[in-house]
1. Suppose we keep only residues that are among the basic types (K, R) and farther than 16 Å from T422 by Cα within region 87-131. Which one would you say is surrounded by the fewest Cβ atoms within 10 Å (Cβ to Cβ)?
2. Could you check how many residues of region 423-466 are buried (at least 22 other Cβ atoms within 10 Å of the Cβ), of a type in the set (G, A, S) and at pLDDT below 85?
3. Could we say that V324 is part of a helix (DSSP H, G or I) and at pLDDT 80 or above here?
4. Test A420 against the stated conditions and say whether it is assigned to a helix (DSSP H, G or I) and either at pLDDT below 85 or closer than 30 Å to G141 by Cα (or both).
5. What pairs come up if the first residue lies in region 80-104 and is touching a residue at least 60 places away in the same chain (Cβ under 8 Å) and outside any helix (DSSP H, G or I), the second is buried (at least 24 other Cβ atoms within 10 Å of the Cβ) and basic (K, R), and their beta carbons are under 8 Å apart, counting only those six or more places apart or on different chains?
6. Within region 52-59, is even one residue closer than 20 Å to G141 by Cα, among the small types (G, A, S), within 12 Å of the chain's Cα centre (by Cα) and in a helix (DSSP H, G or I)?
7. Which residue pairs have Cβ atoms under 7 Å apart, sit 6 or more places apart or on different chains, and have a first residue in region 259-274 that is at positive phi and in a helix (DSSP H, G or I) and a second that is buried (at least 24 other Cβ atoms within 10 Å of the Cβ) and hydrophobic (A, V, I, L, M, F, W, C)?
8. Would you call A135 under 30 Å from L280 (Cβ atoms), modelled with pLDDT under 80 and either touching a Lys or Arg at 6+ places or on another chain (Cβ under 6 Å) or of a type outside the set (V, I, T) (or both)?
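The values are calculated or read from the model by the stated rules, or taken from the named source; none is laboratory data. These numbers come from a predicted model, not from an experiment. All Cβ positions, glycine included, derive from the backbone under ideal geometry; neighbour counts span all protein chains shown.
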Amino acid sequence: MSAALALLVVYSIALTLFGLWVARLVRGSGDFFVAGRQLTWPLVMVSMLASNIGAGSTVGAAGLAYADGIGAWWWNGSAAIGSLALAFVIGPRIWRLASRHGFYTAGDFLEFRYGRATRGLVALLIWFGTLAILAGQLIAGAAILEVVAGLPKWAGALLGGLVMTIYFMAGGMLSSVWVNVVQLAVLLTGFAVAVPMVVAGVGGLDALTSAARLPPTFGDFWHSSRPGSGWTLVALLGPAFIVSPGLVQKAYGARSARAVTWGVAANAAALALFAFFPVLLGMSARVAHPDIASPNLVLPTVLLRELPVWIGALTLAAVFSAEVSTCDAILFMLSTSLSKDLYKRFVKPEATDHELLRMARGAALAGGALGVALATVLPTVIGALSIFYALLGVSLFVPVVVGLLTRRGGQIEALASIGAGTATLLAVHLATGGKGVGLLSPNLAGLAAAALGFGLLWLARWPARR
């Protein structure tokens with residue numbers, strides 16, 4: 001067994017055992033869903049940051065940088081921009097409502113503001129869309145194990161799926177928050193050590209933009225070659241990080257509105273700085289290994305080949321840690337949307353706290369299994385994540401933001417917005433093969449249609465309300 005594989009195995013076992021140890025503190029659904037609403041701002045920051053630094057932020061961003069250069073910063077940078085809006089506009093407002101009315105999920109807010117039908121529709125969309133992002137995380141973890149140990153994709157996805165499913169099923173948010181503290185420490189330590197060594201090894205920062213065979217735009221921070229690259233990523237990712245159910249529900253767990261603001265804002269600042277790490281590694285890989293076939297393999301390849309054995313193993317463990325930490329946030333969305341938004345609201349409203357907790361754990365198990373299955377089918381990390389971010393943005397952004405900022409509009413407007421946004425996203429995606437028209441991506445077209453659908457219905461119903 002190689003040193004890198006041995007470290008990954010030991011690390012995975014340790015994470016699982018630690019999560020199970022914390023899970024003994026779970027006494028009911030309140031601990032499982034919102035950690036008892038006792039998270040201080042540093043814990044909010046750690047939990048948010050660990051959830052946001054996942055497959056897209058590491059393996060995906062490095063793969064983008066391998067192709068596009070420094071402009072790949074916008075993958076994580078867009079998440080930071082969206083997080084600022086969550087910190088100062090959305091987060092504190094929705095926390096106050098959650099604290100006052102006992103919200104556990106984003107669906108609780110949607111029903112409170114727009115009615116039962118909106119809650120059910122969004123819960124279904126979240127469930128299917130979230131499976132795609134879970135698959136993306138597992139694809140990244142499998143890519144690491146493929147490079148380190150030669151494991152086939154299905155085996156790597158299964159191993160990652162087992163680790164995060166076991167400890168999350170036991171403790172929910174309470175376990176994941178404290179496991180995230182460990183994961184984030186390993187992650188940041190690994191990247192802080194690896195990045196300077198790799199960049200120096202390929203000839204320094206100058207070599208990343210001046211080496212032969214590099215595109216002339218490789219060092220252009222503002223370059224965007226297509227929808228879904230460079231600064232246009234703000235339209236794809238920004239809205240999703242403002243209204244993501246998993247992030248909103250983590251905000252619910254905060255001790256106060258102030259803890260939400262400072263915790264999420266600190267997460268945004270850290271994301272903006274971290275965004276350079278995988279990008280520099282991806283650019284270094286392009287200089288040192290110009291023949292890497294798959295974008296999924298860029299990051300594990302450069303870490304394994306350009307670093308001493310134990311440092312490379314530590315950093316690979318850090319990347320694997322990032323995938324697992326984001327997986328538990330995704331399982332959180334899956335389990336809560338199925339158990340609270342669908343089961344308790346539509347199937348068995350009289351379900352006891354114990355039954356709700358049992359259903360949440362069962363939903364996590366089912367979500368983990370389906371995510372592993374989907375990971376064996378979808379080809380790339382970025383492809384899988386783009387499905388989720390696009391669907392999340394066009395379905396949730398307009399209803400959540402409008403619902404928090406004004407009382408205008410009701411269930412009909414919300415459903416029209418969700419329907420118009422989702423239909424337009426799919427239509428433009430199918431008509432253009434996912435490429436969009438110019439810099440108008442399918443996601444941006446869907447967002448515009450969602451806003452238009454909400455606005456037109458509101459105007460049409462205005463005379464009846466007067």
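1. R100
2. Residues in region 423-466 being buried (at least 22 other Cβ atoms within 10 Å of the Cβ), of a type in the set (G, A, S) and at pLDDT below 85: 1 in total.
3. Values: part of a helix (DSSP H, G or I): yes; at pLDDT 80 or above: no.
So V324 fails the test.
4. Taking the combined requirement at face value, the residue does not satisfy it.
5. Once the first residue is touching a residue at least 60 places away in the same chain (Cβ under 8 Å) and outside any helix (DSSP H, G or I) and sits in region 80-104, its partners that are buried (at least 24 other Cβ atoms within 10 Å of the Cβ) and basic (K, R) give Y104/K340.
6. yes
7. Between residues of region 259-274 that are at positive phi and in a helix (DSSP H, G or I) and residues that are buried (at least 24 other Cβ atoms within 10 Å of the Cβ) and hydrophobic (A, V, I, L, M, F, W, C), there is no close pair.
8. yes
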